[in-house]
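The values are calculated or read from the model by the stated rules, or taken from the named source; none is laboratory data. This structure is a prediction, so every number in the text was calculated from the model and none was measured. Quick reminder, even Gly has a Cβ in these numbers, built from the backbone with ideal geometry, and neighbours come from all protein chains shown. Side chains included, ligands, DNA and RNA excluded: accessible areas come from the protein's heavy atoms. Shrake-Rupley method; radii C 1.70, N 1.55, O 1.52, S 1.80 Å.
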Amino acid sequence: AKRKNIGGYLFYAHEMSETLLENKQLAEALIAALNSDQFYLNYQPQVSLSSRKVIGFEALARWNHPVKGNIPPDQFIALAEREGIIVTLGDRVLQLACDQAVKWLSEGIEFDRIAVNVSVKQFVETDFVSKVMNALSLSGLPANKLELEITESLFLGDKKVALETMDKLTSQGVRFSIDDFGTGFSSLLYLKELPVAKLKLDQGFIRGITTDHSSLQIVKASLQMGQALNMAVIAEGVETLEEQRLLVQLNCGEAQGYLFSRPVAGDKVNADLMEAIAE
Ligand code: C2E
Ligand code: CA
Ligand code: CA
Ligand code: CA
């Protein structure tokens with residue numbers, strides 16, 4: 001209701017500034033948390049559907065706020081983007097993930113890649129390439145063990161910049177995957193211009209494959225396209241045996257989801273977990 005009520009307006013303005021203030025306070029708390037054990041990563045295994053072996057892990061950020069408890073990443077990532085701290089957060093995530101991956105390698109845990117989510121704001125920074133190379137050299141992780149998950153929203157911006165950055169990192173051995181593929185409202189032209197190694201089928205499509213004709217058709221078409229363009233395809237959010245069976249039938253190479261494992265702490269990744277998944 002648009003009541004012209006000065007008092008009401010003032011009240012509204014007051015409420016606004018309170019949420020703004022809350023955001024600022026929460027953002028400050030997040031900055032402080034980044035270098036404490038409140039902020040950490042969990043890792044979700046990615047599985048080959050033909051061999052059942054774990055081939056990689058996706059690093060997922062977690063924030064355990066002392067008062068508010070666990071804040072979902074969707075919320076604090078959005079907050080970090082709004083408040084301009086996503087780059088600092090992203091740097092921290094990259095370093096934590098590379099360090100963990102090196103630790104696993106030293107423990108004899110084998111995997112192809114560790115996948116790290118990169119937000120557009122982070123990716124378009126002029127020093128992004130050197131930040132990535134820095135995290136690699138500080139940790140000692142070989143570049144060919146790192147995969148960066150980017151989203152299609154990146155290609156709504158300057159494609160030349162995206163191409164340059166991707167080329168530089170690709171030439172070092174870093175690989176790129178497209179997260180939430182098919183949800184980004186961008187044209188598919190980028191797929192033939194950019195070095196994309198993998199498509200990650202959004203769990204919104206996977207959720208429907210056993211019940212809904214159009215989800216199934218979208219997944220089929222994406223798999224065909226991946227094959228034609230020589231890109232790996234991974235299905236996200238696989239929760240049921242039925243979904244897995246159908247994906248195997250469709251020749252989908254890789255999957256990730258609660259059916260295999262929830263995201264777990266780095267030190268929970270061990271031979272037992274790897275064997276349990278392969279069973
Ligand atoms: P995402 O990159 O699409 O990550 C997959 C999300 O699906 C994760 O949620 C994961 O826990 C969840 N998931 C995995 N398997 C299943 C399943 O079988 N069923 C269901 N229902 N969900 C499943 P999470 O960890 O809550 O992360 C949410 C989003 O937050 C991520 O979506 C990503 O966009 C963002 N995010 C998380 N960590 C980072 C980060 O370090 N940097 C950036 N930029 N974004 C991050
Ligand atoms: Ca992701
Ligand atoms: Ca995703
Ligand atoms: Ca997502």
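A compact table of results
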item: Cross-chain or 6+ apart pairs with Cβ under 6 Å, the range 186-215 first and more than 24 Å from GLU147 (Cβ to Cβ), then in a loop (DSSP other than H, G, I, E, B); result: SER215/GLY208; SER215/ILE209
item: Any hit, the range 208-220, residues being closer than 18 Å to VAL116 by Cβ, touching a Phe, Trp or Tyr at 6+ places or on another chain (Cβ under 8 Å) and at pLDDT 95 or above; result: no
item: Candidates GLY108, GLY56, GLY90, filtered to the one that is surrounded by fewer than 15 Cβ atoms within 10 Å (Cβ to Cβ) and either outside any helix (DSSP H, G or I) or within 16 Å of the chain's Cα centre (by Cα) (or both); result: GLY108
item: Selection count, the range 147-164, where residues are within 18 Å of the chain's Cα centre (by Cα) and β-branched (Val, Ile, Thr); result: 2
item: Some residue of the range 74-87 being assigned to a strand (DSSP E or B), of a type in the set (A, V, I, L, M, F, W, C) and either open to solvent by 20 Å² or more (accessible area, probe 1.4 Å) or within 14 Å of ligand 1 (Cβ to nearest atom) (or both); result: no
item: Every pair of residues 6+ apart whose Cβ atoms lie under 6 Å, when the first sits in the range 129-153 and is hydrophobic (A, V, I, L, M, F, W, C) while the second is in a helix (DSSP H, G or I) and surrounded by fewer than 20 Cβ atoms within 10 Å (Cβ to Cβ); result: VAL129/LYS168; ALA135/GLN95; LEU136/ALA143; LEU141/VAL102; ALA143/GLN172
item: Filtered residues of the range 181-201 (kept if within 15 Å of ligand 2 (Cβ to nearest atom) and either open to solvent by less than 30 Å² (accessible area, probe 1.4 Å) or in contact with a Lys or Arg (Cβ under 7 Å, 6 or more places away or on another chain) (or both)); result: PHE181, GLY184, VAL196, ALA197, LYS198, LEU199, LYS200, LEU201
item: Subset tally (residues that are surrounded by fewer than 14 Cβ atoms within 10 Å (Cβ to Cβ) and either hydroxyl-bearing (Ser, Thr, Tyr) or within 16 Å of ligand 3 (Cβ to nearest atom) (or both)) for the range 147-164; result: 0
